[in-house]
Each structure stands twice: as structure tokens, then as C-alpha cells.
1. What number of residues within the range 207-231 satisfy the criterion of being small (Gly, Ala, Ser) and farther than 13 Å from Asn250 by Cα?
2. Return the only residue of Leu207, Leu225 being farther than 19 Å from Thr280 by Cβ, surrounded by 21 or more Cβ atoms within 10 Å (Cβ to Cβ), touching a residue at least 60 places away in the same chain (Cβ under 8 Å) and not β-branched (Val, Ile, Thr).
3. If we only count helices (runs of 4 or more DSSP H) wholly inside the range 128-234, which ones have 2 or more residues that are under 25 Å from Tyr274 (Cβ atoms) and aromatic (Phe, Trp, Tyr)?
4. Can we say Thr149 is among the hydroxyl-bearing types (Ser, Thr, Tyr) and at pLDDT 85 or above?
5. Is it true that some residue in the range 161-181 is assigned by the TED database to the domain that holds Cys148, free of Cβ contacts under 8 Å to residues at least 60 places away in the same chain, crowded, with 19+ Cβ neighbours inside 10 Å and not aromatic (Phe, Trp, Tyr)?
6. Could you count how many residues in the range 127-150 are closer than 29 Å to Lys266 by Cα and surrounded by 17 or more Cβ atoms within 10 Å (Cβ to Cβ)?
7. What's the total number of residues in the range 206-259 that are touching a Cys at 6+ places or on another chain (Cβ under 9 Å) and farther than 18 Å from Glu137 by Cβ?
Amino acid sequence: MMYLDHLGQLGVVESPSIQGHGPIFTTEAQNRFMEILERSEQRRRKSLVCSMITVPARFISQLTSSVLGAPTTPCGYGQPHDTAYHHEVKCVNASVDNSESPVSLERFSQPFQETSESFTEKVLMIGDTAKIVAYYESCFKELRQKNCTLIAKAFIKFIEPKKRAKHPYKGLKRLKGDRQSTKPDWWPSDVPHKEPDHLLKDQRLRLLIHILRNLGGRRITSHKLQVVAGDYARQLHPRKEIEMKMKILNNIFKVRGLEEQYECRKIDPCTRIYIDNDRTIFIEFGGHEATSDAKEEVASEELDDL
């Protein structure tokens, strides 16, 4: 028997009476099984759209459980994007005439926020840079500023281990203590060169988001930052909310990981991210099919979080 478990992973069970005769479900058979499932899910999604039935986006995303998760490895700097609230990108529209025919493309221009009677969820589109950045900001705010300061210091220590010697916050005496003269080249231009706990709230948030999104050229990835943050998990406040705070951080890194894959052109700009009230993330790949590399990264990162 072949099946998908609750994580969307393929499982194989063979009767003990035939196990000595070699594998029954070969790699080719398993691949064929996954292809059939994916085609079935595509037809079901199209029928949901064509029937004009209003259903929660979470239900639709569950139909694609075989590709759920979050990514790890990016290519570096992101490409420039339109920052308008109603960001226009090419999105998939189900073909009404033939469920087996290639999907058509149309312009999609509306806010990505969906609700249902039973729950409310955030819906992000990975190509909508303005809303992605706004999501990062809202998460860091929810993390609380004491924790943001802790994480910012951890990031800085990781990026610049010898910062106190090479780039002191107080500047050099020979330059009359000019703070800006010792600012490292990766530091955001719109944030004063001060220790994170001496920055204003908005400045601290800009610093965190800059480190998260703009240091690909220094090989600073979401995965590396996630490892750094994990090392400081026990220092988060309040202690009774450590698990919740870490879930917020891990979601930030998951979304950034998807954004990195988009910047590498591994996934389509209309890939959707659904975030439930309990902060559980579901992913629905849109447009052209995600590359096999992207799928492997998604599955690997999801298992790391368990």
C-alpha cells in the first residue's frame, strides 16, 4: 500500500509475506503515484474555482499537502518589486472548458486577505513585496521590543564577530568619536549606528528587516539566521511564551525562505502563503510548477521544525 501521511510525505507498506521477493513499489511506481495525486489535486482545485463555491483558503491549501513546508537556501539579493498595496502579478486562473488543459494567466489586482466564519487567516502572495515586508514588521512587533533587541544583537554578533574592535558604536577617538565613521558597510543607511537597545522602535525594526532581507551578498540566509535565533530561544521573554515567540520567529524565516526562492526564480510570484490564527503556515504553489529543488527545500525545512 502507498499513502501520504499527515505531513504529505509518501509512505509504503508491504505485506510481510512478499517482502522477500524484492520491492513491489519501485521508485518508478512511487513517482507515478505522486504524479497521479498531483493531477487529481489540480483538477479538484479547478473545480472549486469553477463552481464558484466559497470555501476557506485553508481547505484549498490542504489539497496540496504533498508540497507543504518552507524553504532554506536563497541566491542572495532580491530583485526589485512593485511596492503598491494592490500589487499586480500574473496568477493562475482555472480553465473552465477543460480541466486537463493548461491553465491560463490573468491579471490579479486585489488585497490578499480572506476570512471565513470559523476562522480568520492571513493570505500573502510571495511576489507582493510590500505586504511581505509588512508581515515581517507585524511579526517583530508581536515579538516585543525586548526580544527584538536580543535577536538583533545576536544577528550582529553573527554577521560581524569582531564588530567592537573593527566597528565600535562610539566611533574612533582619532575621529572625535564619530559613530557613523565606523559603521560597517552592511548597516542600513536609514538607521543610526547605535546598539540595538539604544535605537528607537522603528529604527530597530528597520535594522532587523534589513538584516533579514538584504544581506544575501554576504551569504546571510534565512536558514543561518534561524539557527542563530534558535540559540537564544531560552533568553526570550516572558519565559512562559518562549514557544509562541519561537513560532513567530520561525514563521518569519519560513516566509523569508520562500521569498529567497522567488528571488532565485524557483517559485512563481503568485505562490500563496496561508497563516492561520494558531500561526500554522500552509503553502500553495501558483503559476508554473515549483522546481524540484524548491520542493525539496520546502520538505526539508518543514521536518527541521518538528
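1. Residues of the range 207-231 that are small (Gly, Ala, Ser), as a first pass: 216-217, 222, 229-230.
Those left that are additionally farther than 13 Å from Asn250 by Cα: 216-217.
Here the count works out to 2.
2. Being farther than 19 Å from Thr280 by Cβ, surrounded by 21 or more Cβ atoms within 10 Å (Cβ to Cβ), touching a residue at least 60 places away in the same chain (Cβ under 8 Å) and not β-branched (Val, Ile, Thr) holds for just one of Leu207, Leu225, which is Leu225.
3. 129-143
4. Details: among the hydroxyl-bearing types (Ser, Thr, Tyr): yes; at pLDDT 85 or above: yes.
It is true that Thr149 is among the hydroxyl-bearing types (Ser, Thr, Tyr) and at pLDDT 85 or above.
5. Scanning the range 161-181, I find at least one residue that is assigned by the TED database to the domain that holds Cys148, free of Cβ contacts under 8 Å to residues at least 60 places away in the same chain, crowded, with 19+ Cβ neighbours inside 10 Å and not aromatic (Phe, Trp, Tyr), so the answer is yes.
6. 9
7. Result for the range 206-259: 1.
Per-residue answers, yes or no, for (1) outside the structural domain of Lys224 (by the TED database); (2) surrounded by 19 or more Cβ atoms within 10 Å (Cβ to Cβ); (3) not in a helix (DSSP H, G or I):
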{"residue": "His237", "(1), (2), (3)": "no, no, yes"}
{"residue": "Lys245", "(1), (2), (3)": "no, yes, no"}
{"residue": "Asn251", "(1), (2), (3)": "no, yes, no"}
{"residue": "Lys254", "(1), (2), (3)": "no, yes, no"}
{"residue": "Tyr262", "(1), (2), (3)": "no, yes, no"}
{"residue": "Ile267", "(1), (2), (3)": "no, yes, yes"}
{"residue": "Ile273", "(1), (2), (3)": "no, yes, yes"}
{"residue": "Asn277", "(1), (2), (3)": "no, no, yes"}
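The values are calculated or read from the model by the stated rules, or taken from the named source; none is laboratory data. Note that the structure is predicted; figures quoted are calculated from it, not measured. Please note: Cβ atoms are built from the backbone with ideal geometry, for glycine as well, and neighbour counts cover all protein chains shown.
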